[in-house]
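Undergrad: For reference, the structure I am asking about is given below.
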Amino acid sequence: MASTPPIDRNTLVAAARSAREHAYVPYSHYKVGAAVLTADGSIFTGCNIENASYGVTLCGERVAIPKAVSEGHRHFVAIAIVTENGGTPCGVCRQMMAEFAPDMLVILADEARIVAEYRVSDLLPHNFSPADLQG
């Protein structure tokens, strides 16, 4: 089994900060940037993209992870999420992260510093999983 790449928190947070600058947030004005580190050391970024039909809005995490998945990645080591105040991911994003990496490190940062770190399993301890689909 391949070894897990080291987590360079500063590089990952910098990538999320850069992605945040591309956020499309004409309604909330709350920019989110995300950068996910895959098991092979690749980094995929995303930002939130709002829509006048609010239910269509995408969070930064739900842009970064599907970008990685669409390129063939399924194993994630860490994700950095940058907001103006270091806010935590919404419930839908927590479920998305738990689908692929319930033990993934979640690094939360604001515009200046890392404010907290969690594991996905800490943020969503009783996630809905493939096992729940078994009859």
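Undergrad: Between THR11 and ASN51, what's the calculated FRET efficiency when r is the beta-carbon distance and R0 is 22 Å? Round to 0.05.
TA: Numbers: r = 31 Å, r/R0 = 1.39.
Efficiency computed from Cβ-Cβ geometry: 0.10.
Undergrad: What FRET efficiency, computed as 1/(1 + (r/R0)^6) with R0 = 22 Å and r the Cβ-Cβ distance, is obtained for ALA116 and SER3, rounded to the nearest 0.05? Display every interim value, and only then the final one.
TA: Numbers: r = 26 Å, r/R0 = 1.20.
Efficiency, rounded to the nearest 0.05: 0.25.
Undergrad: For the chain, what is the accessible area per residue in Å² when the probe is 1.4 Å?
TA: Details: 7270 Å² over 135 residues.
Normalised by residue count, the accessible surface of the chain is 54 Å².
Undergrad: Now a separate question. In deg cm²/dmol, rounded to 500, what helix-only [θ] at 222 nm does the chain give when every DSSP H run of at least 4 residues adds -39500 (n - 2.57) and the total is split over its residues? Could you put the intermediate results ahead of the total?
TA: Numbers: 4 runs with 36 residues, N = 135.
Only helices count here, giving -7500 deg cm²/dmol.
Undergrad: Provide the packing ranking of 35-41, 86-92, 124-130, i.e. peptides ordered by the mean count of other C-beta atoms within 10 Å per residue, highest first.
TA: Working: 35-41: 21.1, 86-92: 15.3, 124-130: 12.0.
Answer by packing, highest mean first, reads 35-41, 86-92, 124-130.
Undergrad: To continue, here is another question. Using r as the Cβ-Cβ distance of GLU21 and ASP103, and R0 as 25 Å, what FRET efficiency do you calculate, to the nearest 0.05? Each step should come with its number before you reach the end.
TA: Values: r = 30 Å, r/R0 = 1.19.
With R0 = 25 Å, the Cβ-Cβ based efficiency is 0.25.
Undergrad: Which chymotrypsin sites (Phe, Trp or Tyr not before Pro) from region 11-49 combine a DSSP loop assignment with at most 15 other Cβ atoms within 10 Å? Write down the numbers at each step before the final one.
TA: Values: sites: TYR24, TYR27, TYR30, PHE44; in loops: TYR27, TYR30.
Of the chymotrypsin sites (Phe, Trp or Tyr not before Pro), the ones in loops of region 11-49 whose Cβ has at most 15 other Cβ atoms within 10 Å are TYR27, TYR30.
Undergrad: Pick out, in residue order, every one of the GluC sites (Glu not before Pro) in region 1-81 that is DSSP loop and has at most 10 other C-beta atoms within 10 Å; say none if there are none. Spell out each step's value before the answer.
TA: Details: sites: GLU21, GLU50, GLU61, GLU71; in loops: GLU21, GLU50, GLU71.
Answer by residue number: GLU21, GLU71.
Undergrad: Right, next: How large is the translational diffusion coefficient of the chain in µm² per second when you combine the Kirkwood radius over alpha carbon pairs with Stokes-Einstein at 25 °C and 0.890 mPa s? Write out the running numbers ahead of the final one.
TA: Values: Rh = 14.8 Å.
In µm²/s, the coefficient rounds to 166.
Undergrad: Out of the total accessible area of the chain (probe 1.4 Å, heavy atoms of protein only), what percent is carbon and sulfur?
TA: On the way: 3870 of 7270 Å².
That share works out to 53 percent.
The values are calculated or read from the model by the stated rules, or taken from the named source; none is laboratory data. Fair warning: this is a prediction, and the values are worked out from it, not measured in the lab. Cβ: placed from backbone, ideal geometry, glycine included. Neighbour counts: every protein chain shown. Surface accessibility is based on the protein's heavy atoms, side chains included, excluding ligands, DNA and RNA. Shrake-Rupley method; radii C 1.70, N 1.55, O 1.52, S 1.80 Å.
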